[in-house]
Amino acid sequence: MTSKISFFKLTINEWKKLGWLTALQALLFAMVIPLRLLLPLALEKKVRVRSLTDVLYENVGFDKTLTTVTIVAMGILCALAVFSYLHSRKRLDFYYSLAIRRDTLFLVKYTAGTLTFVIPFLANQALAVLVGALYGVMSAAVVQEMASASLLGILFFLTSYSAAAVAVLLTGKTLTSVLAIGTLSVYLPLVWLVVCGCQEIFLPTLLPDGVSYLGGAYRLYLTSRRLMLEHSSPWIMILAWNPDGAAVRQGLTGIWPDLGSICLFLVLPAAMTALCLALCRVRRTEAAGKALAFAWTEGLIKIMLAVPAALFIGMTVYEELDSVVWEICFVAAFGALGCVIMEFIYRWDIRQALAHKWHIAVTLALSLAIFLIFRLDLAGINTYLPEKEELAAMSVRRSYSDFCYYNDDGKRTKNEQDILRLLETDKVDLLYPLAENGVRNVQKDAFDGQYVSLNMEYRLKSGRTVFRSYTVDYDLYESAARELMQDEEYRRRYYPILSWDDERLKQIEDIWVLLPQEQWEKFEEDEAQEKSAGAGKAAGNEEFTAGGVKNDTAAAIDSLDGKSGSTAAREKMVDGLVTEITTAADNPDISGELTAGAANSSDVSDELSVDTADNPDISDESAEGLEADTSLYPESSETEEFPEDEWEYAEYSSMGVMTGMTLTEEAGRRLIRAYQEDLAESDGLLTDAGSEGSMSIEWRREQNDPYNVDRYLLRKDFTRTMEVLREAYLESALREKDMRG
Amino acid sequence: MIEIQDVTKRFGDVTALNHVDAQIDEGCIFGLVGTNGAGKSTLLRVAAGVLKPESGSVKVDDTPVWEEPQAKEKICFLADTGWFFPNASANTMRDYYAIVYPEFDRARFDELIGKFDLDPKRKLSGFSKGMRKQVAVLLGLCANTKYLFCDETFDGLDPVMRQAVKSLFAAELLNRKFTPVIASHSLREIEDICDHVGLLHKGGVLFAKDLDEMKLGIHKLQCVLRSPQQEEELLAELEVLQHERRGSLLTIVARGEREEVNAKVQEKEPLFFELLPLTLEEIFISETEVAGYDIKNLIL
């Protein structure tokens, strides 16, 4: 049956009643959109450091964190305000007695709430266009992008608003609605952290799928888990969203957010609104005033919150107590406490805090069962060791190996399990003792020097594969690895650099070489000796004398710092650890931000749950450790050259003294070839103990691909490599001398 | 006509309505009385489509009321805890009612609000409880719905206003199809306006009858007879609902035709005899006692 009540009139009336909400949002978005653009434009017009267009691009368009956060917050606020009628018996008596279905009423309210956002938001976007036009920097492309960004902003709002509406419908009080929104936002990530924590602490041998290693020390969780986290709540999805690395510059580049993510934000609010309407139909009027709208959810939610809390406590006290009995007591106590707190939130009556004792019983049973499964390894994860006869193949890999491996289908993998599959060998007799040793060393610390951390794979004859991470006696590993490396085919599989051909060398963009200070000093001495030997031959190079090379080089570098039209190296200390090298002529704005530390971990940045590299507001604060993404800098309208003419390297000393210099492409190629030869002829063991330094090679297949950074250890006995480095050092010094001249 | 069929409504462990059956005919003023917690508000909320019963149904003119706009558009429900929009004035509410009740009579509302000497532009939050009740009743009346559910509406109205509202109800009854249902915990408050009354007690309707019928069929008499034997004979001959003896004065509440009761007493040649008017309260007490309930202390 249809109502004679006009949907339109009712919606407009409801919207008018929400005037305060419209006004509030108008004010907030005025500050976040047009004012945020106006103030820097006005300032820039006076100081004229950058172009006004650059300022415009920084402040309008896609992926503006402040705007997105405001939109998300307004979505939540609107839902709490607009649907507050669901928490009031008086208002429900009034509204539900009207000749209008309650789902229609919800839609009326929903639409009115949406209008409170859409009108001020779009008005402020229009004001921003006006501001840009007044300063003469607005273009059709930017307006088009702003229009698209506005539509995306509306989708973000609808997503946040609908999700918060679901929380409001599931609860009967505003306080519990707020708690529900908070819980829905972070519940899955927190549970995930607790589970990962329990795995790391109690099941150190477990090597889950999707694990990668950052510098061998820190586990990172790859795509599937990252995707799970990024999609763990609608609000996180919005905040984690980025237009595929194309942030900020869409107005220039014409790169737009991918259709899939836009469709996701179309489907998500639609699905949640449909859920809201379904909830409206089944939600009882008498739910108003109760903590939760559906009584059956009380126990479920209580248990779902109390169990992870109890596990978290158990995990936390494990290190301190190391007593199963006490740990059980803590888990039980905090499980019960969680239930009591939840019951208090439900009833708001301390006398009823112990009501529903079966909830406490279930919580305790589940918490203790899960805790003991982890704590006592009841599943036998740590002690798993198949019979040797059952094994068809095994593989072993030190986690401290930062190479890029490619699957058979040509796709790069950082998944430790995939890499172990690539390194399979049928030399079970050789590797089995490592596994036995690993099972015995479960509680041992791999970082005390006596042991080494290994990841292993068992491939059983049944076809099943099992992966484990072990702490193994170093000597045992070394002898096994030495024997494995005798096999040239295995060695090529283990060290992908051995297979690099000319095509791959062309894909290299930068090389960083880190050597101890003494080694560089030795190069300088060699150079000085060379100069002495050749004195008189090099006319005009009178400063280039023994013992003065380093100072001269540094002076030359200083004089060229960012000013020369030719290639220059600039040294800068950052926290005493990171050196900065720039190719000023090629890309002065971009390369100045590249850091050795950042570049070294560029293959990591895309694994972070929120890719801050695509988020200019965040990345400024967290550049260290992230991939240097040129898209961060909107003012540059030029695309990065690929590949660059010159490779760069830096040296780092433990004293924090750094110098920087450039390496020609030809020298870089020689360096890789020399390294290949040295590695092929060596015993094949690259270990920290015997290393002299490291070489990080940054490369990518296509310009829009993420960077790969392969890090190979250098050894003193890699004489060809060291020779190439020495030559390159001398060449570089001479080049700089020439430039100075 | 409103038909309430086997309606049960529970709030957790509490059964507010327990298999309630009732019928409210068109054109009457139906009083729903009962103690606090008897289920009056719950019954009205179920009837207005605010609450969904666990079982049973409420039909308005043969249409189920739950989530049926066609049935609900015939009802205006004035809840006991009336709610107005924040910062709303009488005019604001009038405008909203005009949207949600298509038959709303704005002119009449403006006229009545003037007659009741209420400022239509003043914020309702600044009104007294009685004044807000008046506005609520006027809004309900001007909604021009066929049925008007008033939950404790007269509570808080002064006697003058109560009479004025009763007059308005009476006028509405004359002018159009109008059936107000008035819930109250006080019989005295509604006895002079209702012509049908239903008594709710502990979630059930004890009875629902025409008030005049009840008044005509029940009589209270006081008499002094010549001998105890005659008293025994009289009590046996009459359909006695209640009797009391104080000294030689015998007070009887009996069911039957007035003439019949009168004749039977006169046959005994009483020394003193008088037929007294019955209050609604006494009728209820008598009826409920017959029904097996002792609710003397429950109804004021």
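The values are calculated or read from the model by the stated rules, or taken from the named source; none is laboratory data. Source: prediction; values computed, not measured. Neighbour counts are summed over all protein chains in view; Cβ atoms, including those assigned to glycine, are modelled from backbone coordinates with ideal geometry.
The table that follows gives values for the structure above.
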{"item": "Test for B:E239: is it more than 26 Å from the chain's Cα centre (by Cα), surrounded by fewer than 16 Cβ atoms within 10 Å (Cβ to Cβ) and not hydrophobic (A, V, I, L, M, F, W, C)", "result": "yes"}
{"item": "Within region B:225-247, tally of residues that are within 25 Å of B:E281 (Cα to Cα) and either assigned to a strand (DSSP E or B) or of a type in the set (S, T, Y) (or both)", "result": "8"}
{"item": "Sole exception among (1) of a type in the set (S, T, N, Q); (2) crowded, with 19+ Cβ neighbours inside 10 Å; (3) modelled with pLDDT under 90 for A:Q443, by number", "result": "(2)"}
{"item": "Pair list, Cβ under 7 Å, 6 or more apart: region B:52-68 residue loosely packed, with under 15 Cβ neighbours inside 10 Å, other residue outside any loop (DSSP other than H, G, I, E, B) and among the basic types (K, R)", "result": "B:E54/B:K9; B:E54/B:R10"}
{"item": "Residue among A:Y85, A:Y110 that alone is assigned to a helix (DSSP H, G or I) and within 14 Å of chain B (Cβ to nearest Cβ)", "result": "A:Y85"}
{"item": "Filter result for the condition that a residue is in a helix (DSSP H, G or I), touching a residue at least 40 places away in the same chain (Cβ under 8 Å), farther than 16 Å from A:F29 by Cβ and in contact with a Gly (Cβ under 7 Å, 6 or more places away or on another chain), over A:A141, A:A167", "result": "A:A141"}
{"item": "Considering residues of region A:139-157 that are surrounded by 21 or more Cβ atoms within 10 Å (Cβ to Cβ), over 26 Å from the mean Cα position of the chain (by Cα) and of a type in the set (A, V, I, L, M, F, W, C) only, the residue nearest to A:N124 (Cα to Cα)", "result": "A:M146"}
{"item": "Residue within region A:308-324 that is farther than 16 Å from A:L376 by Cα and within 14 Å of chain B (Cβ to nearest Cβ) present", "result": "no"}
{"item": "Residue in region A:278-291 that is modelled with the highest pLDDT, counting only those that are buried (at least 17 other Cβ atoms within 10 Å of the Cβ) and away from every other protein chain (no Cβ under 12 Å)", "result": "A:L279"}
{"item": "Residue list for region B:201-249, restricted to those being of a type in the set (G, A, S) and touching a strand residue (DSSP E or B) at 6+ places or on another chain (Cβ under 7 Å)", "result": "B:G203, B:G204, B:A208, B:G217, B:S248"}
{"item": "Hits in region A:1-11 - residues which are facing chain B (nearest Cβ under 9 Å) and either assigned to a helix (DSSP H, G or I) or at pLDDT 95 or above (or both)", "result": "A:K9, A:L10"}
{"item": "Conditions (1) of a type in the set (F, W, Y); (2) more than 8 Å from chain A (Cβ to nearest Cβ); (3) not in a helix (DSSP H, G or I): number failed by B:Y97", "result": "(3)"}
{"item": "Checklist (1) more than 10 Å from chain B (Cβ to nearest Cβ); (2) in contact with a strand residue (DSSP E or B) (Cβ under 7 Å, 6 or more places away or on another chain) applied to A:S97, failing item", "result": "(1)"}
{"item": "Options A:L431, A:L454: the member that is in a helix (DSSP H, G or I) and either at pLDDT 90 or above or not assigned by TED's automatic domain parsing to the domain that holds A:G684 (or both)", "result": "A:L431"}
{"item": "So B:T81, is it within 14 Å of chain A (Cβ to nearest Cβ), in contact with a Lys or Arg (Cβ under 6 Å, 6 or more places away or on another chain) and of a type in the set (S, T, Y)", "result": "yes"}
{"item": "Members of region B:13-72 found to be within 14 Å of chain A (Cβ to nearest Cβ), in a loop (DSSP other than H, G, I, E, B) and aliphatic (A, V, I, L, M), listed by number", "result": "B:A48, B:V50, B:L51, B:V65"}
{"item": "Check on A:A123, part of a helix (DSSP H, G or I), at pLDDT 95 or above and within 14 Å of chain B (Cβ to nearest Cβ)", "result": "no"}
{"item": "So B:I75, is it out of contact with any helix residue (DSSP H, G or I) (no Cβ under 6 Å at 6 or more places or on another chain) and facing chain A (nearest Cβ under 10 Å)", "result": "yes"}
{"item": "Region A:356-371, residues that are aliphatic (A, V, I, L, M) and surrounded by 17 or more Cβ atoms within 10 Å (Cβ to Cβ)", "result": "A:I360, A:V362, A:L364, A:L366, A:L368, A:I370"}
{"item": "Unique match (being at positive phi, at pLDDT below 95 and either out of contact with any Gly (no Cβ under 9 Å at 6 or more places or on another chain) or not aromatic (F, W, Y) (or both)) among A:R48, A:R89", "result": "A:R48"}
{"item": "Qualifying residue in region A:376-386 (condition: over 35 Å from the mean Cα position of the chain (by Cα) and in contact (Cβ under 8 Å) with a residue 12 or more places away in the chain)", "result": "yes"}
{"item": "Scope region A:18-43; condition farther than 30 Å from B:E67 by Cβ and within 12 Å of chain B (Cβ to nearest Cβ); matching residues", "result": "A:G19, A:W20"}
{"item": "Members of region A:331-344 found to be over 34 Å from the mean Cα position of the chain (by Cα) and among the aromatic types (F, W, Y), listed by number", "result": "A:F344"}
{"item": "Strands (runs of 3 or more DSSP E) (entirely within region B:164-218) containing at least 2 residues that are hydroxyl-bearing (S, T, Y) and modelled with pLDDT of 80 or more", "result": "B:179-184"}
{"item": "Search result, residues across region A:467-479 that are buried (at least 20 other Cβ atoms within 10 Å of the Cβ) and part of a helix (DSSP H, G or I)", "result": "A:Y477"}
{"item": "Residue match in region B:24-37 (condition: within 19 Å of B:Y147 (Cα to Cα), among the charged types (D, E, K, R) and assigned by TED's automatic domain parsing to the domain that holds B:A143)", "result": "yes"}
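Residues are listed down the side, and each one gets a yes or a no for (1) surrounded by 19 or more Cβ atoms within 10 Å (Cβ to Cβ); (2) at pLDDT below 95:
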residue	(1), (2)
A:L275	no, no
A:A293	yes, yes
A:L311	yes, yes
A:L321	no, yes
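For (1) charged (D, E, K, R); (2) farther than 26 Å from B:K74 by Cα; (3) within 14 Å of chain B (Cβ to nearest Cβ), each residue gets a yes or a no:
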position: A:K16; (1), (2), (3): yes, yes, yes
position: A:K45; (1), (2), (3): yes, yes, no
position: A:A81; (1), (2), (3): no, yes, yes
position: A:R89; (1), (2), (3): yes, no, yes
position: A:L92; (1), (2), (3): no, no, yes
